[in-house]
Every structure is written in structure tokens, then in C-alpha cells.
Amino acid sequence: MRSLLLVLVLGCARLSAQAWSAPLTEGLRVDLDAARGVTLDAQGRVAKWTNQAGPAEVREFVGQDKGRKVPGSGLPAAGEGVIIFRAQELLCRDEQAFDGLIKGDGCTWVAVLKPYAQAKGGLKDVNSFFGNLRNGGKYEGVWGCLDDDNTVWWGARNGLTFGRFDVNNPKVAGPKLEAGRRYVIAGRLGAGTGSVAIELFVDEPKAVAAGRFPVNPAADASKLSIGQERDATQHPGFESFDGELGRFLLWSRPLKDEELATVMSGLRTPSATPAAVPAK
């Protein structure tokens with residue numbers, strides 16, 4: 001009987017975690033590479049994206065249809081060296097693995113991203129390409145998003161207030177991104193207690209925006225979602241990103257300036273000509 005799952009094997013030459021020196025693999029919790037570890041279902045939709053780093057409990061980011069009326073509509077598509085999201089998500093089911101990011105560990109994330117025009121009808125100016133916000137309460141966690149006009153931003157929420165946005169929930173906004181253009185986007189959150197720096201980078205290791213974040217050691221984030229700000233089963237796709245992701249990396253520490261420069265430089269040159277933006 002033919003298996004319902006097909007493993008997508010792409011031989012693109014890409015910067016890999018294995019090629020980095022030991023300091024760059026320290027704290028590396030997520031390495032999602034569209035050239036490796038992508039499992040498709042019989043319709044060619046992405047059923048699973050295997051994380052190339054971190055412990056066993058965070059190795060699988062899986063598609064889900066929970067809360068959706070149309071079976072399979074929650075699964076993104078596979079492109080040429082990219083995963084194509086149209087109000088869809090892939091979810092790491094571990095509830096606690098990424099809690100430390102906002103409790104004092106700090107973090108750095110880097111995304112190779114090509115935005116499309118964002119779909120209308122969701123929450124205004126919240127089109128998330130990743131997040132681990134907790135459902136309910138004050139929705140603490142981290143999230144990376146686009147405004148409806150593709151202005152890129154990210155933030156952290158410490159669970160002390162709900163505000164969108166306030167001192168406990170900063171919105172660190174950068175430039176408006178051009179639809180159909182490939183970018184290397186990064187965010188860095190400082191480690192420690194008290195008020196720490198939160199920064200945004202676009203294509204260069206020089207911050208385009210920065211702010212402060214008050215760390216709450218009692219904060220309780222949740223599952224990490226790619227393509228959505230959280231495991232939003234009550235309204236899936238409502239606060240989701242439209243566009244392509246070729247790579248997503250996450251460290252559970254703030255990278256040093258020189259480390260961030262190395263990573264961003266290695267990802268700026270695409271390994272292949274990206275596919276055209278598909279019609280909706």
C-alpha cells in the first residue's frame with residue numbers, strides 16, 4: 001500500500017548548522033531548513049518539517065487541521081527550497097521547551113523570508129510568521145509579525161499586562177518589506193532579569209529598531225508555531241502570515257554581534273533563484 005507520506009529530499013547547497021563553529025551551535029534549538037527534512041502528504045502539502053537541531057522533543061513541527069472546516073487546509077505547500085504559507089501553520093507540540101526565552105535566557109531568531117501581500121480579514125496588523133504565545137491569560141511569549149502593509153515587527157510579552165502594545169508588550173517595528181522580495185530578518189532578546197534589550201535586524205547585523213523588555217521569571221509561554229503566533233485552534237489562520245520561509249533558526253540565548261553577523265552573512269545569498277509568487 002502506497003504510503004501517504006513522501007519525504008522531500010532536496011540537494012541544495014546551504015549554510016548548515018554542522019558547518020558552523022561550536023559557539024554558533026551553542027543554544028541552537030531550532031533549525032528548520034526547507035532543503036531538508038520536509039515530509040509531504042499524497043497531495044504534496046507539508047505534513048511535517050523536521051527540526052535539524054535541539055532535543056528530541058522539539059524535532060517535529062507538524063501540520064494540523066484542528067479548528068478548520070476544510071480538511072488539509074491547515075497544511076502549507078512546498079516550493080523550490082521554501083515552504084509556502086497561506087494562513088497555515090506548523091506546530092511543535094512540546095508545551096514547555098521554549099518557555100525560557102522570555103524568563104531570562106534571552107533568544108536570537110533568524111528567518112529567511114519572502115512576504116506576499118497579506119490577506120485581509122484577520123486581526124489588524126498581526127500576520128505572524130512565528131510565535132509561542134500562550135492561549136489565554138495575558139498571552140505571554142515571543143512573536144514575529146508583519147503589519148497588513150508588510151511592515152515587519154516582533155515583540156515579547158511577559159504576562160503582566162495584556163496591552164497591544166505597552167511597556168510589558170513592546171512592538172519593535174522596522175521597515176515596510178516589499179512583497180515578493182527575499183529578506184534575512186533577525187531578532188535578539190537580551191538575557192537576564194530586569195529590563196533587557198530587544199532588537200530587530202533586516203538583511204544587516206545592525207539593528208533597524210530596538211526597545212526594552214521587562215523580564216518576568218514567572219511568565220509561561222507555550223508551543224512554538226511557524227506561520228502563526230500561537231496554537232490558535234479557536235481561530236486558525238486568523239493571525240497568520242502569507243509568504244515563504246526558506247530557513248528559520250532559533251537560539252535560546254542572545255548571539256554576540258560577530259555571531260549574528262556570521263549567520264546573516266551566510267544566509268543573505270540564496271542558493272537558488274526563488275520561485276515566483278504563486279497566485280492565490
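Of note:
- In the set (1) in contact with a strand residue (DSSP E or B) (Cβ under 7 Å, 6 or more places away or on another chain); (2) in a loop (DSSP other than H, G, I, E, B); (3) at pLDDT 95 or above, the condition left unmet by residue 135 is number (3).
- Residue in segment 87-109 that is under 27 Å from residue 56 (Cα atoms), touching a helix residue (DSSP H, G or I) at 6+ places or on another chain (Cβ under 7 Å) and outside any strand (DSSP E or B) present: yes
- Test: residue in segment 250-265 that is in a loop (DSSP other than H, G, I, E, B), modelled with pLDDT of 95 or more and farther than 19 Å from residue 52 by Cβ: yes
- Considering residues of segment 245-261 that are touching a Leu at 6+ places or on another chain (Cβ under 7 Å) and over 16 Å from residue 132 (Cα atoms) only, the residue surrounded by the most Cβ atoms within 10 Å (Cβ to Cβ): 245
- Among the residues here, residue 104 does not qualify as buried (at least 18 other Cβ atoms within 10 Å of the Cβ) and at positive phi.
- Qualifying residues in segment 189-210 (those that are assigned to a loop (DSSP other than H, G, I, E, B) and not hydrophobic (A, V, I, L, M, F, W, C)) - the one nearest to residue 258 (Cα to Cα): 205
- Flag if residue 231 is modelled with pLDDT under 95 and out of contact with any helix residue (DSSP H, G or I) (no Cβ under 8 Å at 6 or more places or on another chain): yes
- The number of residues in segment 221-244 that are under 13 Å from residue 131 (Cα atoms) and either acidic (Asp, Glu) or part of a strand (DSSP E or B) (or both) comes to 7.
- Within segment 23-79, the residues that satisfy the criterion of being among the basic types (Lys, Arg) and assigned to a strand (DSSP E or B) are 29, 45, 48.
- Residue match in segment 48-58 (condition: touching a Cys at 6+ places or on another chain (Cβ under 6 Å) and crowded, with 21+ Cβ neighbours inside 10 Å): no
- Filter result (of a type in the set (A, V, I, L, M), part of a strand (DSSP E or B) and over 12 Å from the mean Cα position of the chain (by Cα)) within segment 110-131: none
- When 210, 276 are screened for being modelled with pLDDT of 95 or more and of a type in the set (Gly, Ala, Ser), only 210 passes.
- Leading residue by the ranking (surrounded by the fewest Cβ atoms within 10 Å (Cβ to Cβ)) among those in segment 146-185 that are assigned to a strand (DSSP E or B) and of a type in the set (A, V, I, L, M): 173
The values are calculated or read from the model by the stated rules, or taken from the named source; none is laboratory data. What you are looking at is a predicted structure, and each value in this text was computed from that prediction instead of being measured. Using ideal geometry, Cβ is built from the backbone for each residue, glycine included, and neighbour counts are taken over all protein chains shown.
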